[in-house]
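The values are calculated or read from the model by the stated rules, or taken from the named source; none is laboratory data. Computed from a predicted structure; not experimentally measured. Glycine also receives a Cβ, built like all others from the backbone with ideal geometry; neighbour counts cover every protein chain displayed.
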Amino acid sequence: MPAGPRQLTEQELAVDPLVAARLLLGCVLRSTTPEGVVAVRVVEVEAYRGGDDPASHCYRGRTPRNDVMFGPAGRLYVYFVYGMHFCANVVSLTDGVPGAVLLRAGEVVEGVDLARRRRPAARNDAELAKGPARLTGVLGLDRAHNGVDLTDPDSPVKLLAGEPVTDVRTGPRVGVAVAVDVPWRFWVDSPAVSTYRRGTRRTRVVVPPER
DNA sequence: AGATCGATGTTCT
DNA sequence: GAACATCGATCTC
């Protein structure tokens with residue numbers, strides 16, 4: 001009987017995030033929870049590098065939040081944003097050198113019914129995992145999954161090899177107001193790719209007083 | 001298809 | 001106290 005899809009290894013993910021980003025396109029992220037199984041085919045990602053990338057969560061050094069980014073590759077970095085959403089990254093680079101790839105969008109390839117229950121606002125199946133918080137939502141990921149080893153055969157969340165992709169597109173990262181000049185967003189043609197939105201610049205605006 | 005806005009709470013200054 | 005790797009609703013074109 002045929003073996004299932006190959007699981008990616010820590011070694012092949014221990015590379016620069018720009019390399020890991022292309023590697024992740026077309027891969028399948030498969031999550032098992034008490035509710036059931038949901039899997040998505042990754043169609044859109046973004047690279048975040050350590051040190052020189054002001055948009056990276058580890059730009060200003062190690063903190064409790066970004067701790068897993070400083071650990072081994074192939075782990076899941078889950079963070080809480082905007083007071084209500086979770087986003088998930090795959091840690092890349094090697095031990096001690098931070099880096100990660102944000103999983104921005106995917107196509108649900110398994111467990112569509114459960115995915116629909118988790119994302120009732122989706123108007124069609126392409127919208128189920130169209131966006132980083134939606135992707136984590138359909139997979140049922142939250143802060144309890146921070147640090148999970150995607151390369152472990154016994155892990156509840158696994159990263160599986162998929163069909164190789166062609167025609168990878170690139171552009172600036174979504175919702176990022178700094179380092180807008182680097183095209184570190186990568187995607188393949190799919191209705192699930194999120195629409196581009198410029199980073200909202202929230203530098204303080206001094207409002208002149210009325211009268 | 002784009003613009004705007006509110007919700008919500010954690011993290012860092 | 002401000003920023004924030006977003007979403008969903010509602011409005012205009």
(message) Which of the numbered conditions does A:Asp181 fail, given that it passes all the others? Conditions: (1) away from DNA strand B (no atom under 14 Å from the Cβ); (2) modelled with pLDDT of 95 or more.
(response) (2)
(message) Return the residues of the range A:40-73 that are of a type in the set (Asp, Glu) and under 14 Å from the mean Cα position of the chain (by Cα); say none if nothing qualifies.
(response) A:Glu44, A:Glu46
(request) Consider only pairs whose beta carbons are under 7 Å apart and that are at least six residues apart or on different chains; among these, list those whose first residue lies in the range A:60-84 and is in contact (Cβ under 8 Å) with a residue 24 or more places away in the chain and β-branched (Val, Ile, Thr) and whose second residue is surrounded by 19 or more Cβ atoms within 10 Å (Cβ to Cβ) and in a strand (DSSP E or B). (result) A:Val68/A:Arg75; A:Val68/A:Tyr77; A:Val68/A:Val91; A:Val78/A:Phe86; A:Val78/A:Ala88; A:Val81/A:Cys87
(request) Kindly indicate which of A:Asn66, A:Asn89 is of a type outside the set (Ser, Thr, Tyr), under 17 Å from A:Ala14 (Cβ atoms) and modelled with pLDDT of 95 or more. (result) A:Asn89
(request) May I ask you to list pairs of residues, at least six apart or on different chains, whose Cβ atoms are under 8 Å apart, with the first in the range A:132-143 being at positive phi and the second being among the charged types (D, E, K, R)? (result) A:Gly140/A:Glu35; A:Gly140/A:Arg118
(request) Spot the failing condition for A:Val168; the list is (1) closer than 22 Å to A:Ala21 by Cβ; (2) within 14 Å of DNA strand B (Cβ to nearest atom), and only one is missed. (result) (2)
(request) Please state which of the following conditions A:Arg75 fails to meet, knowing it meets all the rest: (1) more than 11 Å from DNA strand C (Cβ to nearest atom); (2) modelled with pLDDT of 95 or more; (3) touching a Lys or Arg at 6+ places or on another chain (Cβ under 9 Å). (result) (3)
(request) Please specify each residue of the range A:17-52 satisfying the condition of being assigned to a loop (DSSP other than H, G, I, E, B) and modelled with pLDDT under 95. (result) A:Gly50, A:Gly51, A:Asp52
(request) Can you confirm whether the range A:105-123 contains a residue that is closer than 23 Å to A:Gly162 by Cα, within 13 Å of the chain's Cα centre (by Cα), within 16 Å of DNA strand B (Cβ to nearest atom) and modelled with pLDDT of 95 or more? (result) yes
(request) Considering (1) surrounded by 24 or more Cβ atoms within 10 Å (Cβ to Cβ); (2) within 16 Å of DNA strand B (Cβ to nearest atom), say which one A:Pro54 fails and leave the rest. (result) (1)
(request) Looking for whichever is surrounded by fewer than 23 Cβ atoms within 10 Å (Cβ to Cβ) and within 16 Å of DNA strand B (Cβ to nearest atom) here; the options are A:Arg60, A:Arg22. Which one fits? (result) A:Arg60
(request) Can you confirm whether the range A:74-86 contains a residue that is within 16 Å of DNA strand B (Cβ to nearest atom), under 25 Å from A:Val188 (Cα atoms) and charged (D, E, K, R)? (result) no
(message) Here is a list: A:Leu13, A:Leu29, A:Leu76. Which entry is farther than 26 Å from A:Tyr196 by Cα, touching a strand residue (DSSP E or B) at 6+ places or on another chain (Cβ under 8 Å) and surrounded by 23 or more Cβ atoms within 10 Å (Cβ to Cβ)?
(response) A:Leu13
(message) Out of A:Glu35, A:Glu46, I need the residue that is more than 11 Å from DNA strand C (Cβ to nearest atom) and either under 21 Å from A:Gly137 (Cβ atoms) or touching a His at 6+ places or on another chain (Cβ under 8 Å) (or both). Which one?
(response) A:Glu35
